[in-house]
Structures are given as C-alpha cells and as structure tokens.
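The values are calculated or read from the model by the stated rules, or taken from the named source; none is laboratory data. A quick note: this is a predicted structure, and the numbers were derived from the prediction, not measured. Backbone-built Cβ (ideal geometry, glycine too); neighbour counts: all protein chains shown.
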Amino acid sequence: MPPGTDLTYSWSQAFADLGQIAPIATLTGFLLFALVLDLVLPRSRRDGAVAIAAAVGFAYALGVAVFRWLYGTNGYAYHKFATGDDFALFFEMLFASLGILTVALSHSYLKKRGLLESEFHILIMAAVIGMMVLASATSLVTVFLGLELLSIALYIVCGFARTDFRSQEAAAKYLLVGGFASAFVLYGMALVYGAAGTTVIPDIAQRLTSSAGSNPLLLMGILLMGVGFAFKVSAAPFHMWTPDVYQGAPLPVTAFMSVGTKAAAFAMIVRVFEGGLPHLAPEWQTLLAFVAATSMIVGNLMAIVQTSLKRLLAYSGIAQAGYILIGVIAGGQMGLEAVLYYLFVYMFMNFGAFAVITLLARPDGDRDSFADLEGLARRNWLLGLGMTVFMLSLAGFPPSVGFFGKLFLFTAGVGAGYTWLVVLAVLMSVVSVFYYVRVLIPIWSPSPRVDGVPASFSSRFAIALSGLASLGLGLYPTTLLIAGQIGATPINGP
C-alpha cells in the first residue's frame, strides 16, 4: 500500500475518532482557553472572563452533543476505548446542562464568600470532562481515567473555602474515602481483566459466559467493583462520607456533586455491569439489590432526624440512589429508560433545592438550618415557590417529574420480578413525605422576619429553569422518555 494511503487513512481515522468524542474535545478546548485567560488577564477582569468562557464552553458542548444526537453516527473511537453512542450523548447533554446551571448559580455565591472564581470554574469544567469520559468509556482503562479526573477536581473544590474548617474537613474526608473507593474499583477491574484477558467492555461481554460465574477471581472482581461503585453513588452501607462532605463543601459544590457525581457513577455502573457482564447478571444484581434496599432504608430513616438542610438532602440522595438502582437491576430497555429519565429530572429537582439554599448564604458562611427558611415565601416568593416545587417533586407528588420518574422505575422493577424491592421502595417513599413536607412548614409559616433574600439574575435563571423543568417534564413526561428510549438502546455502540 502506498505511503500516502496510510497517511490519508490515519488522518481520516483520527478525525472520525475525534468526531465520536466531539463534546468532550470541545469542552477540553474551552478548558485550555480558560486556563490561558486566567494566566494573562488581571484579577479584576479574569473572573468574569473565565465565567463567560465556562458558560460558553458548556453551551457549545451541549450544542455539539445535540447535533450529534440528531445527525451523528454511532461508533467506536481509539480502538474501542471510547464511543459516541446515544447513551454517551444523553449523559453529555445532562452534564453540559449541569455545568451551565452551576456557573449561573455560583457566580454571586463566590463573590459573596470572597472565593476565587476563575479557579472554581476551571475545576468544574475539569470535573464535567471527567463525567463525560465516564459516560463514553468502553474500556476499563478509560473508565478509571474518567473517574480519577472527576474525583481529583472534586477533592479540590470541596476544600475551596480555604478559611472554613468544615470545608477543609470535607475535602480531607472525601479524599481519603474516595481514594479507598478508587482502590476497590481498580483492584476489581484488575481481577476482571485477569479473568477476561481484555479491558475492552464489549469484548469482555463476548469472552465471559454464564459459566464464568464459578470463577472466584471474577466474582471477587464484581464484588470489589460493586463496593467502589456504591461509594461513588452514595449508596448505603458505603455512604458514610456523604453527609459530612455535603455539609462542609461550599453550597454550589454540594449542588454540583449531588447530581453530577451520581449520574456519572450510574453511567459507569451501566457501562460495566450491563454492557460488560450481562451473562453474570444474577451475581451483580444480587449485590445491587442489597445495596438498593439498604440505601432506601438508611437514607429515609436518617433524613427524618436531621436539622441541617444539607445533611437532610444528603440522606435524601442516598435514598434516591436506592430508587435508581431498581432500574439498573431491572435492566433491559424499560429499566434503562427509567434510569435515564430519572437521572435527568433528578438534576433539576435536587440542584434546584440546593440552589435555593445557596442564596441564603452569608459572607461568613452557609445558612442551611430550618430556621433560615422561616418566612421565605414572603421574603422572596420565587425561592419559596421554587423550594415547594422541588420538595414535592423529590417526594414524588403528581404531576411532578419525581412522580413519573419513580413510576417508571417501579414499573420496570415489577416487570423484572423484583416486586419485593418495589414494595420496600413504595413504603420508604411514604416515609420520605414526612421530611420533605417538613421543609415546607417554615417556608410558608408566618414569620416576623422581613429581611429579603437577594438573588442575581443568573441565580434566578437557574432556579426558574429547574422549577419549570420539574413541572413541565412531569406534565409532558413522554418528551424526555423518548430521549431515554433512544439513549438506552445502544449500550456500547454498534
């Protein structure tokens, strides 16, 4: 073959591979541009410039993902180490949207607390890139690279309030526990690689059959990866770090983590377990069923006694992880549709709730007690109404998105034969109504407080968009469910 032909093929293959990961490459380019801005601009101008670069980068990555969703072709990239299938694009749209909301919410908060803004946005961009890599990974090596890029950026932003002892404590705890979780995942991946002889997830599925379930190395690998994944999604009994980290981290970081980390970890679970180990489903389904049941019980019961809104929503997130695991365990088209739908709407419900609390912060620290919510509906009607929508959505009241999300998850669970798990989920959902409605009592109760709660335009935008999505996607759930159906079809590309 002539040398020119080889060169032409290599360039065409390089462009094809780059096209499969176009949203990741786009956001990476904006990250590098933001780093240059941070280096060359004076402090008085760099914060605003980097914030704009981050927002435009997320918007551009979102646009690229939507374009590829509509007109792109699915395929592998870089020798099956990544893919740009609809599953990856669905999560890339979710993560880009989350990035836009985070930039909109954090701008006024960082100014109020006197924190470094440009560095914060750059770290959030790095974390989102790690999330996107996790969603598009089709090799255990790529999965671990994305996991570590996400984790390292989050370790830093958790301790971003450098003069706040609780923030430093949160970062230290997250670093130590996250390191242990990564070690579990890596050791489990090594054992699976030893059993399959490859790290490429589709090839693992081809080489391992149901008879491989008798291989003790493989079973230990599944157990270790399951433990590490449970750490990452804040699922019990591996949830111990979650309340402390959520409470100590700056509020925009907590809002970002509560949604993004969970969604990225679930994308990782679906890729590895559903895509790479389908013949060993009974083994990992049993493990995940235990984790789901424990999460729903521990999360809901512990949330009842909390006096901090951060900790209450942390335990709520633990319970929500249990609900989502029902869809993962059910598997199949219906189960994955329900998982994708719920993760997308969970972004608006949970992020919106944290966004309201963020606006209560003061220069000397966050305000997340029930007393801080007193008379909120009178002090700022948008925040009071928004918090009501978010709490009722998380509780699963119709016609909110939370109701339809749980309905789809529970239907998939019953259809797959996990009726006992769905019954437990329904009972725990009833328990959750108590602490979600409890949050609303001080908001709408009469209060002598007359101090207003100022909100910047970008913060109002984030809360209003989250509230409208929490209602609109519930009134018309099929709109997003169709996208979930498309995204759930190809797990590891064609």
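Taking interchain pairs and intrachain pairs at least six residues apart, which have beta carbon atoms under 7 angstrom, with the first residue in the range 78-90 and in contact (Cβ under 8 Å) with a residue 60 or more places away in the chain and the second assigned to a helix (DSSP H, G or I) and aromatic (Phe, Trp, Tyr)?
Going by the 7 Å Cβ cut-off, the qualifying pairs are Asp86/Trp69; Leu89/Trp69.
Could you figure out which of (1) closer than 19 Å to Met257 by Cβ; (2) surrounded by 15 or more Cβ atoms within 10 Å (Cβ to Cβ) isn't true of Leu176?
Only one criterion in (1) closer than 19 Å to Met257 by Cβ; (2) surrounded by 15 or more Cβ atoms within 10 Å (Cβ to Cβ) is unmet by Leu176, namely (2).
Within the range 36-47, work out how many residues are surrounded by fewer than 16 Cβ atoms within 10 Å (Cβ to Cβ) and either among the basic types (Lys, Arg) or under 21 Å from Leu98 (Cβ atoms) (or both). Working first, answer last.
Of the range 36-47, the ones surrounded by fewer than 16 Cβ atoms within 10 Å (Cβ to Cβ) are 36, 39-45.
Within this subset, residues satisfying the condition of being either among the basic types (Lys, Arg) or under 21 Å from Leu98 (Cβ atoms) (or both) are 43, 45.
The number of residues fulfilling the criteria is 2.
Residue-by-condition table, conditions (1) under 19 Å from the mean Cα position of the chain (by Cα); (2) closer than 18 Å to Ile156 by Cα; (3) not charged (D, E, K, R):
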{"site": "Ala53", "(1), (2), (3)": "no, no, yes"}
{"site": "Tyr60", "(1), (2), (3)": "no, no, yes"}
{"site": "Gly63", "(1), (2), (3)": "no, no, yes"}
{"site": "Leu70", "(1), (2), (3)": "no, no, yes"}
{"site": "Leu94", "(1), (2), (3)": "yes, no, yes"}
{"site": "Gly114", "(1), (2), (3)": "no, yes, yes"}
{"site": "His121", "(1), (2), (3)": "yes, yes, yes"}
{"site": "Ile124", "(1), (2), (3)": "yes, yes, yes"}
{"site": "Leu134", "(1), (2), (3)": "yes, no, yes"}
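Which condition number does Val253 fail, the rest of (1) touching a residue at least 24 places away in the same chain (Cβ under 8 Å); (2) under 23 Å from Tyr76 (Cβ atoms) being met?
Just one mismatch for Val253, condition (2).
I'm trying to understand the selection: among the residues of the range 369-398, which are over 20 Å from Lys310 (Cβ atoms) and not in a helix (DSSP H, G or I)?
Within the range 369-398, Gly375, Gly396, Phe397, Pro398 meet the criteria.
Which residue is farthest from Ile100 (Cα to Cα), if the candidates are limited to the range 436-458 and must be at pLDDT below 90 and among the aromatic types (Phe, Trp, Tyr)?
In this case the residue turns out to be Trp444.
Condition first: of a type in the set (Ser, Thr, Tyr) and farther than 24 Å from Gly260 by Cβ. Can you find one or more residues in the range 42-50 that meet it?
Going through the range 42-50, the residues of a type in the set (Ser, Thr, Tyr) turn out to be 44.
Still in the list and also farther than 24 Å from Gly260 by Cβ: 44.
Yes: the range 42-50 contains one or more residues that are of a type in the set (Ser, Thr, Tyr) and farther than 24 Å from Gly260 by Cβ.
Kindly indicate whether any position in the range 122-141 is of a type outside the set (A, V, I, L, M, F, W, C), within 23 Å of Met347 (Cβ to Cβ) and in contact with a helix residue (DSSP H, G or I) (Cβ under 7 Å, 6 or more places away or on another chain). Walk me through how you get there before you give the answer.
Going through the range 122-141, the residues of a type outside the set (A, V, I, L, M, F, W, C) turn out to be 130, 136, 138-139.
Now narrow it down to the ones that are within 23 Å of Met347 (Cβ to Cβ): 130, 136.
Cutting the leftovers down to in contact with a helix residue (DSSP H, G or I) (Cβ under 7 Å, 6 or more places away or on another chain) gives us 130, 136.
Yes; the residues of the range 122-141 include at least one that is of a type outside the set (A, V, I, L, M, F, W, C), within 23 Å of Met347 (Cβ to Cβ) and in contact with a helix residue (DSSP H, G or I) (Cβ under 7 Å, 6 or more places away or on another chain).
Got at least one residue in the range 123-139 being within 30 Å of Leu277 (Cβ to Cβ), in contact with a Ser or Thr (Cβ under 8 Å, 6 or more places away or on another chain), β-branched (Val, Ile, Thr) and modelled with pLDDT under 90?
Yes: the range 123-139 contains one or more residues that are within 30 Å of Leu277 (Cβ to Cβ), in contact with a Ser or Thr (Cβ under 8 Å, 6 or more places away or on another chain), β-branched (Val, Ile, Thr) and modelled with pLDDT under 90.
Of all residues being out of contact with any Ser or Thr (no Cβ under 9 Å at 6 or more places or on another chain) and without any contact (Cβ under 8 Å) to a residue 40 or more places away in the chain in the range 56-68, which is surrounded by the fewest Cβ atoms within 10 Å (Cβ to Cβ)? Just the residue, please.
Taking the candidates together, the pick is Phe67.
Among the listed residues Ala303, Ala289, identify the single one that is more than 18 Å from the chain's Cα centre (by Cα), assigned to a helix (DSSP H, G or I) and within 20 Å of Ala355 (Cβ to Cβ).
Numbers: Ala289 fails: within 20 Å of Ala355 (Cβ to Cβ).
Result of the check over Ala303, Ala289: Ala303.
State yes or no: is Val328 within 24 Å of Leu468 (Cα to Cα) and touching a Phe, Trp or Tyr at 6+ places or on another chain (Cβ under 8 Å)? Break it down into steps so the answer makes sense when it comes.
Details: within 24 Å of Leu468 (Cα to Cα): no; touching a Phe, Trp or Tyr at 6+ places or on another chain (Cβ under 8 Å): yes.
No: the conditions fail for Val328.
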